[in-house]
Amino acid sequence: MTINSAGRTTPLIARLIGDDATRWDQLLSEAEKSIEEANAREAASARQALASAFDRLPKSHSPLTKDPFRTLADLGFQVGDPLDDLFIQVTPPPGWSLKADPDGEQWEIFDGMGRARGAIYLTEYPNEFSAFFSLRTRFDIHILGFQSDGSRAVDVQATYVQSHVEDALKAGPLFTSKEHPIEASDDDLENIVAGMASHQAAKSECEDWLAANFPDWRNPAAYWD
């Protein structure tokens with residue numbers, strides 16, 4: 001049966017089905033409420049489980065982490081069987097722990113030395129509850145925009161960009177790219193394209209430096225010890 005984007009019958013369908021339209025809308029409301037309540041219970045159960053023990057991780061993971069379950073094994077995790085549709089059982093290395101943010105939507109993963117090594121993300125919508133995890137590499141690339149006077153700027157106001165290689169174990173950047181200007185234009189699309197090109201050029205400099213000095217830098221299990 002055709003319904004509108006809000007999940008309700010359209011006037012035409014309502015005329016065709018007569019009194020059944022009210023009943024149809026009532027059934028839809030009951031179904032939506034039931035789904036919302038089920039998702040809320042699932043989210044509450046997941047938060048309670050994560051708060052009680054570090055014994056699970058989501059099955060889904062960030063696409064930035066290649067072969068994450070092999071990486072978990074390299075880190076010393078024991079990966080077990082699925083616990084439900086969203087989570088899989090794990091036994092972390094000794095001393096590893098979780099800490100939730102105030103909303104309970106993000107859980108930081110810390111190793112035995114208290115270093116942030118990843119995170120679990122919980123996302124709750126009225127009609128869906130999802131979870132995924134990511135693992136942190138020791139080295140990361142940050143791209144910043146600047147105005148001509150050297151002050152920080154958001155992308156739309158930046159006249160050039162630079163990228164930095166950051167080290168999770170040391171303060172300050174390990175490497176800084178050269179300044180990559182963003183050619184201004186009256187055309188918004190051209191400005192966007194120019195900005196993207198400058199961002200990529202700055203990022204590539206850092207990637208090349210990392211590849212030369214830390215070839216396995218994309219591996220979350222590498223260079224921490």
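The values are calculated or read from the model by the stated rules, or taken from the named source; none is laboratory data. Please read these numbers as outputs of a predicted model, since none were measured by experiment. Cβ placement follows ideal geometry from the backbone for every residue including glycine, while neighbour counts extend to all protein chains displayed.
Here are the numbers for the structure shown:
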{"quantity": "Selection within segment 76-108 - within 17 Å of residue 52 (Cα to Cα), hydrophobic (A, V, I, L, M, F, W, C) and in contact (Cβ under 8 Å) with a residue 40 or more places away in the chain", "calculated": "87, 96, 98, 100, 107"}
{"quantity": "Filter pass, residue 143 being under 30 Å from residue 45 (Cβ atoms) and surrounded by 15 or more Cβ atoms within 10 Å (Cβ to Cβ)", "calculated": "no"}
{"quantity": "Top-ranked residue of segment 140-161 - restricted to ones that are touching an Asp or Glu at 6+ places or on another chain (Cβ under 6 Å) and modelled with pLDDT of 90 or more, ranked as nearest to residue 61 (Cα to Cα)", "calculated": "140"}
{"quantity": "Qualifying residue in segment 26-35 (condition: among the hydrophobic types (A, V, I, L, M, F, W, C), modelled with pLDDT of 90 or more and closer than 30 Å to residue 119 by Cα)", "calculated": "no"}
{"quantity": "Selection within segment 65-100 - at pLDDT 95 or above, in contact with a Phe, Trp or Tyr (Cβ under 9 Å, 6 or more places away or on another chain) and of a type in the set (S, T, N, Q)", "calculated": "91, 97"}
{"quantity": "Breaking point among (1) closer than 30 Å to residue 47 by Cβ; (2) at pLDDT 95 or above; (3) out of contact with any Asp or Glu (no Cβ under 6 Å at 6 or more places or on another chain), for residue 117", "calculated": "(3)"}
{"quantity": "Every residue from segment 94-115 that is in a loop (DSSP other than H, G, I, E, B) and among the small types (Gly, Ala, Ser)", "calculated": "95, 104, 112, 114"}
{"quantity": "Qualifying residue in segment 39-48 (condition: part of a strand (DSSP E or B), charged (D, E, K, R) and surrounded by 15 or more Cβ atoms within 10 Å (Cβ to Cβ))", "calculated": "no"}
{"quantity": "Segment 208-225, subset in contact (Cβ under 8 Å) with a residue 12 or more places away in the chain and aliphatic (A, V, I, L, M), residue surrounded by the most Cβ atoms within 10 Å (Cβ to Cβ)", "calculated": "210"}
{"quantity": "Odd one out for residue 129 among (1) at pLDDT below 95; (2) farther than 30 Å from residue 102 by Cβ; (3) not aliphatic (A, V, I, L, M)", "calculated": "(2)"}
{"quantity": "Residue match in segment 183-198 (condition: assigned to a loop (DSSP other than H, G, I, E, B), farther than 30 Å from residue 113 by Cβ and modelled with pLDDT of 75 or more)", "calculated": "yes"}
